[in-house]
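Below is one structure, written out as structure tokens; the observations come after it.
The values are calculated or read from the model by the stated rules, or taken from the named source; none is laboratory data. As the structure is a computational prediction, the values presented were derived from the model and not from experiment. When we count neighbours, we look across all protein chains shown, and the Cβ atoms used for this are built from the backbone with ideal geometry, even at glycine.
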Amino acid sequence: MAKCRECRIGKLIILGTGGFGDTVEVECDNCGEIYEVEPDGLGLGGEEWVVAKMKDSEVESLTPELIRRANDFLRQNLCSVRFKEGGITIQGKLLITSIVASLPETEVAHLLQAMQSFDTFTENNDPHCEHDFGSVEAFGRTWFWKFDYYDETCEYFGHSNHILTLMAGEEY
């Protein structure tokens, strides 16, 4: 995870898109500085998991469009940063199955890149317009990725945590 450019200590919290939608507005969790960065300036390392706090009443305000934006943002950033918009915070976590984990690193990297750049959503494969499932063909197989939605404890359905799983087609 990228560190704050001001204090060089704090972690960056995503607040939403910047002025023209091509940057990301961030806030330092240490010094509170707010500024905009290029999406690739956030890095892919660092903490993947930060427990999100969301009131039950906020779940009702989640629209398919907001869920779609959150899912796209989390998928494109491999869940390494949290999505925050309009007072709602959604944390992502990336999981890979044992079949994916057994692949050579270069093949895993190829699958992650394909998942990040996936944009072939249609009425047939995305009936709820939430961008929560996709498939890619690689290495002679079909690979799926999908989001599951959980509460803060990851025990029950909710939208505090979006868990993104990358798997072989036969594991679905």
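Of the residues that make up region 130-142, is at least one free of Cβ contacts under 8 Å to residues at least 40 places away in the same chain, assigned to a loop (DSSP other than H, G, I, E, B) and closer than 27 Å to residue 89 by Cα?
No, region 130-142 contains no residue that is free of Cβ contacts under 8 Å to residues at least 40 places away in the same chain, assigned to a loop (DSSP other than H, G, I, E, B) and closer than 27 Å to residue 89 by Cα.
How many of the residues making up region 112-158 are of a type in the set (Ser, Thr, Tyr) and modelled with pLDDT under 90?
Final tally of qualifying residues: 4.
Yes or no: residue 90 β-branched (Val, Ile, Thr), touching an Asp or Glu at 6+ places or on another chain (Cβ under 6 Å) and either modelled with pLDDT of 85 or more or assigned to a strand (DSSP E or B) (or both)?
no
Restricting to region 90-109, and then to whatever is of a type in the set (S, T, N, Q) and farther than 19 Å from residue 67 by Cα, can you tell me which residue is surrounded by the most Cβ atoms within 10 Å (Cβ to Cβ)?
In this case the residue turns out to be 97.
Go through region 143-169 residue by residue and tally those that are in contact (Cβ under 8 Å) with a residue 24 or more places away in the chain and of a type in the set (Phe, Trp, Tyr).
So the count comes out to 4.
Give the residue, chosen from 80, 135, that is surrounded by 15 or more Cβ atoms within 10 Å (Cβ to Cβ) and closer than 28 Å to residue 25 by Cα.
Result: 80 is the single residue among 80, 135 that is surrounded by 15 or more Cβ atoms within 10 Å (Cβ to Cβ) and closer than 28 Å to residue 25 by Cα.
If we keep just the residues of region 149-168 that are in contact with a Leu (Cβ under 8 Å, 6 or more places away or on another chain) and not aliphatic (A, V, I, L, M), which is farthest from residue 100 (Cα to Cα)?
Residue satisfying both the conditions and the ranking: 159.
Within region 75-87, is there a residue that is out of contact with any His (no Cβ under 8 Å at 6 or more places or on another chain) and in a helix (DSSP H, G or I)?
Looking for residues that are out of contact with any His (no Cβ under 8 Å at 6 or more places or on another chain) and in a helix (DSSP H, G or I), one finds at least one in region 75-87, hence yes.
Of everything in region 143-172 that's part of a loop (DSSP other than H, G, I, E, B) and among the polar types (S, T, N, Q), which residue is surrounded by the most Cβ atoms within 10 Å (Cβ to Cβ)?
Only one residue fits best here, namely 160.
Has region 116-135 got at least one residue that is farther than 26 Å from residue 63 by Cβ and assigned by TED's automatic domain parsing to the domain that holds residue 71?
No, there is no match, as no residue in region 116-135 is farther than 26 Å from residue 63 by Cβ and assigned by TED's automatic domain parsing to the domain that holds residue 71.
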